[in-house]
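Undergrad: Got a structure here, written out as structure tokens. Questions coming.
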Amino acid sequence: MYLFLALIVSILYYKMGQDGSKTIFNFGFLFTCIMVFLYVPLLPILLYFPSQVQLLKREHFNQWYNLRAYFCALSVANVPAHLLLGTMFLTITYVMTAQPLELQRMLMFYTICLLTALASESFGLMVSSTLNIVNGMFVGPATVVPFMLLSVQGLGHGLDSVPLVTQFAMRFSYLRYGL
């Protein structure tokens, strides 16, 4: 999936990074990468975790281990896959879109995308721990759409024109911090 998405994104934004007249396309590339790292880690958790809730309840009730250990192990177990596949995706797209090959920029971009993936996985755990598989697969992607909209609200013309209620809601969008 990561390889397929990397090729699609790379073809869409091929050699846009070095052209200063295509700044909006470069922003589109960054936003697309954030969206990939929003949905790709979110959806498998929404499918996997609700089936584990009954097992988790039984094991926690029998005091085999506490919930903190389970969630820590689940998150740590997924980190190598996120690192490996995310690095593959980001390397392909970063090079093919002709982004500046500066180590500091690359590391910041990688870090932001991978932290977005971890936050999305955590959001998926929150949604899937309360809903069954069918409802979680509908509610999970639908609830991140407001985060997407709030992440780009006010970009380009400042926050002065954005209402205070919307500014308050924007603080809860972890995608805005990624952009």
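Rule-based calculations on the coordinates, nothing more; no lab input. Not measured: the values here are computed from a predicted model. Heads up, the Cβs are rebuilt from the backbone with ideal geometry, glycines too, and the neighbour counts pull from every protein chain shown.
Undergrad: Using 0.36 nm per residue of separation minus the Cα-Cα distance, give me the extension gain between residue 106 and residue 138 in nm, one decimal.
TA: Value of the extension gain: 8.1 nm.
Undergrad: Do you know the relative contact order of the chain, to the nearest whole percent, from alpha carbon pairs under 8 angstrom that are 6+ apart?
TA: Details: 157 pairs, mean separation 61.4, N = 179.
Normalised by residue count, the contact order of the chain is 34 percent.
Undergrad: Further question on the same structure: Between residue 162 and residue 149, what is the label-point separation in nm under the 7 Å Cα-to-beta-carbon projection?
TA: Rounded to a tenth, the inter-label distance reads 1.4 nm.
Undergrad: Measuring from label point to label point, each 7 Å out along Cα→Cβ, what is the residue 19 to residue 54 span in nm?
TA: Here the answer is 5.5 nm between the modelled labels.
Undergrad: Ok, one more. Using the Kyte-Doolittle scale, find the helices of the chain whose mean hydropathy is at least 0.5 and whose Cα atoms extend 27 Å or more along the helix's long axis, counting only whole DSSP H runs.
TA: TM-like helix candidates: 23-61, 67-96, 103-128, 133-152.
Undergrad: Using R₀ = 45 Å, calculate the FRET efficiency as 1/(1 + (r/R₀)^6) where r is the Cβ-Cβ separation of residue 95 and residue 172; round to 0.05.
TA: Taking R0 as 45 Å, the efficiency between residue 95 and residue 172 is 0.85.
Undergrad: Which of rounded, prolate or oblate describes the range 37-101 when judged by the alpha-carbon gyration tensor and an a/c cut-off of 1.5? Numbers along the way, then the final one.
TA: Numbers: a/c = 5.40, a/b = 2.86, b/c = 1.89.
Prolate.
Undergrad: If you don't mind, there's one more thing I want to ask. Could you sort the peptides 63-76, 89-102 by per-residue average Cβ neighbour count (10 Å cutoff), highest mean leading?
TA: 89-102, 63-76
Undergrad: Additional query: Which value in nm describes the separation of the simple spin-label points at residue 27 and residue 68, placed 7 Å from the Cα toward the beta carbon?
TA: Output for this residue pair reads 4.3 nm.
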